[in-house]
């Protein structure tokens, strides 16, 4: 079969199975990306979640010998939630970012890529394919940029003309030699809204991210959150959408092509106080299907505590003090003590003092000591 004809058939089939956009790129090494990654490494901007060596992340042939083409796919996800519950005093709510609405996108894209692989193998049984979504070695963004899916925005997201940056990305390396597409010219121009709006200054400059300052990264960590970032988190439980929301290219973009991506409002905008005592089983039952649950309940609970402090929710005080007294995890005890001092309930000075005397963990002790000192100055 002629390669140009095969490409047409792959594109047609991709539409049949609900892939919103598809592009084709060479499997040549990503030289520019390699330079950027080395610079990220030098500056200490890596998150630690990256997979593989820089060579594996920039040289497709290391992952699949005789690789010729990389097929990039994009699926558009919703940006607006229908019937979103209101957060109000006594019933404060947290929020999962849009990329964690609906079923885990890794599973959705892997299924699409698996179908695409099967289609290709039926046409060319000798072909070899290797697919990955987000957690693979290759940079989804670099592949999508080369394949003409969109341009790489200053917010470090791929921006498509059709769907803005509200797209999930995945790719397939293959030994097939298919005609490739042309990259889309960068259209950010002089716009700097995402860089200016970043709550923590994580967007060092257009297209360069200090992952360690990024709220999307910080909400996924498991340790005590550095104090300078706690008030920046707001009510975010997982991820951050600020740099996407302010992007002019995303104005009016809201697509509901895939029912499995539709958010359950009670899951992605949950009540905060019940999260403080949720069991592992309850957490898995309620949140297990969304991508934001992958780090387990501890980061979500810590972020829920921070969100309650953000709201200065006095109704949470008894629950927070229970955590200070009884929770086996120092991170949760320490964060709860900090939250109590932020809400400012001076009546708990005595109880916090008792908890402080019993505390054995140095970090939790330090948090309780600072919380106690702050409460003692409350007038």
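The ellipsoid that matches the Cα gyration tensor of region 204-277 has semi-axes, each √(5λ) in whole angstrom, of 24, 22, 10, with the longest given first.
Relative to the first principal axis of the alpha-carbon coordinates of the chain, what is the inclination of helix 317-326, with its axis defined by its Cα atoms, in degrees from 0 to 90 and to the nearest 10? Compared with the principal axis, the helix lies near 90 degrees.
The stretch between residue 181 and residue 347 holds 53.2 nm of extra length on full extension. This uses 0.36 nm per residue minus the Cα-Cα distance.
Given their separation in residues at 0.36 nm each and the Cα-Cα distance between them, residue 55 and residue 193 gain 46.4 nm when the chain is fully extended.
What percent do you get for the relative contact order of the chain when only Cα pairs under 8 Å and 6+ apart count?
Values: 675 pairs, mean separation 74.1, N = 379.
With pairs under 8 Å counted, the relative contact order is 20 percent.
Normalised by 2.2 N^0.38 Å, where N counts its residues, the alpha-carbon radius of gyration of region 233-379 equals 1.21. Report, to the nearest 10°, how far helix 362-376 tilts away from the longest principal axis of the Cα atoms in the chain, using its own Cα long axis and a range of 0 to 90°. Value to nearest ten degrees: 50. With each label modelled as a point 7 angstrom along the Cα→C-beta vector, the residue 281-residue 4 pair spans 6.2 nm. Mean-square fluctuations from a GNM of the chain, with a 10 angstrom spring cutoff on Cα atoms, peak among 150, 239, 189 at 189. Which angle from 0 to 90°, rounded to the nearest 10, does the C-alpha axis of helix 297-311 make with the longest principal axis of the chain? The angle comes out at about 60 degrees. Measuring spread by the Cα atoms of region 40-180 yields a radius of gyration and Dmax of 17.8, 62 Å.
Semi-axes of the equivalent ellipsoid for region 335-379, computed as √(5λ) from the eigenvalues of its C-alpha gyration tensor and ordered from largest down, come to 16, 10, 8 Å. Compute the Kirkwood hydrodynamic radius of the chain, taking the inverse of the mean of 1/r over all pairs of distinct Cα atoms, and give it in Å to one decimal. The answer is 22.5 Å.
May I ask you to sort 96, 24 by Cβ crowding, counting other Cβ atoms within 10 Å and putting the fewest first?
Numbers: 96 24, 24 20.
In order of increasing Cβ crowding within 10 Å: 24, 96.
Separation of region 210-263 and region 109-158, taken as the distance between their Cα centroids, equals 24 angstrom. Applying 0.36 nm per residue to the separation of residue 329 and residue 208 and subtracting their alpha-carbon distance, the gain on full extension is 40.1 nm.
For Cα pairs less than 8 Å apart in space and 6+ apart in sequence, what is the mean separation divided by the residue count of region 271-321, i.e. the relative contact order in percent?
Working: 22 pairs, mean separation 26.8, N = 51.
Result for region 271-321 is 53 percent.
If you look at the Cα atoms of region 131-287, you get an Rg and a Dmax of 17.9, 55 Å. GNM remark for the chain: springs join alpha carbons under 10 Å apart, and the peak mean-square fluctuation among 86, 110, 333 falls on 86.
Ranked from largest, the principal axis spans of the Cα set of region 290-362 equal 41, 28, 16 Å.
In this label model, residue 377 and residue 294 are separated by 4.1 nm, measuring between points 7 Å along each Cα→Cβ vector. Residues considered: 111, 137, 262. Largest GNM mean-square fluctuation over the chain, using C-alpha springs under 10 Å, is found at 111.
We did not get these values from a lab; they are worked out from the coordinates using the rules stated. What you see is a predicted model; the values in this text were computed from it and never measured. Please note: Cβ atoms are built from the backbone with ideal geometry, for glycine as well, and neighbour counts cover all protein chains shown.
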